[in-house]
Amino acid sequence: MRAVIFANGRFEDAHQARDLLRAGDLIIAVDGGTRHAWEAGVDPQLVIGDLDSLAPEERKRLDASGAEINRFSTRKDRTDLELALLHAVANGADEILVLAALGGRLDQTVANLLLLTLPELADCDVRIVHRAQTAFVIRREALIEGQPGDTVSLIPLAGDAAGVTTEGLEWTLEDETLAFGPARGVSNVLRVRQGSVCVRQGLLLCVVTHALDAKEAEGQ
């Protein structure tokens, strides 16, 4: 089962969101992300958060739609997006697509990316998509799919990443270590439609920037 989570960050391409949605998706909105879901043409089945970002008339629209609402206090230890991710996994999602998770506050953007490392998500394919960019965490191995010329960045999280081996990228790594801190793994280039990355120890944040999409976005 796939869950699509509309977070409350920047939402710049409703058309892209509509193209990504599939029949049978569990649509979850994170507080103000409810407006993004509506802009994409869907009613969320579940809204999670403290609801401090929704106006009274928007809450009435939610009630009328029959959406389930999981409301939490503003004084909590987890962010609304974290609660949404954990809910999706607990309810059987093995694939999660997160939209509108980036932009705006820098601390929220960094925190949202780091949520990909949650142990509870280890067996779930979780990806953050923002325009031409897709971000996900590599724990062991992953396929890198795209077009030749796409930018692929590999950034160690939680310390050094050891035993990194890549195939299909311009600058090849062969059982090497990417140290935590230095930017050595940034801006590699995909040379085939499907490359791969393996890591023996540690975590890698992989960010793929699709070249064609990036050029189209610049032209808008």
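Scan region 61-79 residue by residue and report those that are surrounded by fewer than 18 Cβ atoms within 10 Å (Cβ to Cβ) and closer than 14 Å to Pro44 by Cα.
Listed by number, the residues that qualify are Arg61, Asp63, Ala64, Ser65, Gly66, Glu68, Ile69, Asn70.
Does Val207 satisfy the condition of being farther than 18 Å from Leu118 by Cα and in contact (Cβ under 8 Å) with a residue 12 or more places away in the chain? Here the answer is no, as Val207 does not meet what is asked. Just one residue in the set Ile144, Ile155 is at pLDDT 95 or above, touching a strand residue (DSSP E or B) at 6+ places or on another chain (Cβ under 6 Å), surrounded by 18 or more Cβ atoms within 10 Å (Cβ to Cβ) and under 27 Å from Met1 (Cα atoms); that residue is Ile144. Of everything in region 125-139 that is touching a strand residue (DSSP E or B) at 6+ places or on another chain (Cβ under 7 Å) and not in a strand (DSSP E or B), the residue that is farthest from Gln16 (Cα to Cα) is Arg139. One residue stands out among those in region 119-141 that are in contact with a Ser or Thr (Cβ under 7 Å, 6 or more places away or on another chain) and farther than 15 Å from Phe11 by Cα: the one that is surrounded by the most Cβ atoms within 10 Å (Cβ to Cβ), which is Val137. Within region 91-118, which residues are farther than 21 Å from Asp13 by Cβ and assigned to a loop (DSSP other than H, G, I, E, B)? Selection gives Asn91, Gly92, Ala93, Asp94, Leu118.
Looking at the structure I just gave you, is Thr166 assigned to a loop (DSSP other than H, G, I, E, B) and either of a type in the set (Gly, Ala, Ser) or free of Cβ contacts under 8 Å to residues at least 40 places away in the same chain (or both)? Please lay out each step first, then the result.
Numbers: assigned to a loop (DSSP other than H, G, I, E, B): no; either of a type in the set (Gly, Ala, Ser) or free of Cβ contacts under 8 Å to residues at least 40 places away in the same chain (or both): yes.
So Thr166 fails the test.
Considering Leu173, Leu113, Leu178, the condition of being under 22 Å from Ala93 (Cβ atoms) and either buried (at least 16 other Cβ atoms within 10 Å of the Cβ) or in contact with a helix residue (DSSP H, G or I) (Cβ under 7 Å, 6 or more places away or on another chain) (or both) is satisfied by Leu113 alone. Candidates are the residues of region 28-78 that are in contact with a strand residue (DSSP E or B) (Cβ under 6 Å, 6 or more places away or on another chain) and assigned to a loop (DSSP other than H, G, I, E, B); the one that is nearest to Ala100 (Cα to Cα) is Asp31. State whether one or more residues within region 80-89 are modelled with pLDDT of 95 or more, surrounded by 19 or more Cβ atoms within 10 Å (Cβ to Cβ) and assigned to a strand (DSSP E or B). No, region 80-89 has no match at all. Scanning region 19-50 for residues that are in contact with a helix residue (DSSP H, G or I) (Cβ under 9 Å, 6 or more places away or on another chain) and over 15 Å from Ala84 (Cβ atoms) yields Arg35, Trp38, Glu39, Ala40, Gly41, Val42, Asp43. Looking across region 162-189, the residues that are among the β-branched types (Val, Ile, Thr) and within 18 Å of Ala211 (Cα to Cα) come down to Val186, Val189. Taken over region 158-167, the residue count meeting the criterion of being among the hydroxyl-bearing types (Ser, Thr, Tyr) and surrounded by fewer than 17 Cβ atoms within 10 Å (Cβ to Cβ) is 1.
The values are calculated or read from the model by the stated rules, or taken from the named source; none is laboratory data. Computed from a predicted model, the values in this text were never measured in an experiment. Neighbour counts are summed over all protein chains in view; Cβ atoms, including those assigned to glycine, are modelled from backbone coordinates with ideal geometry.
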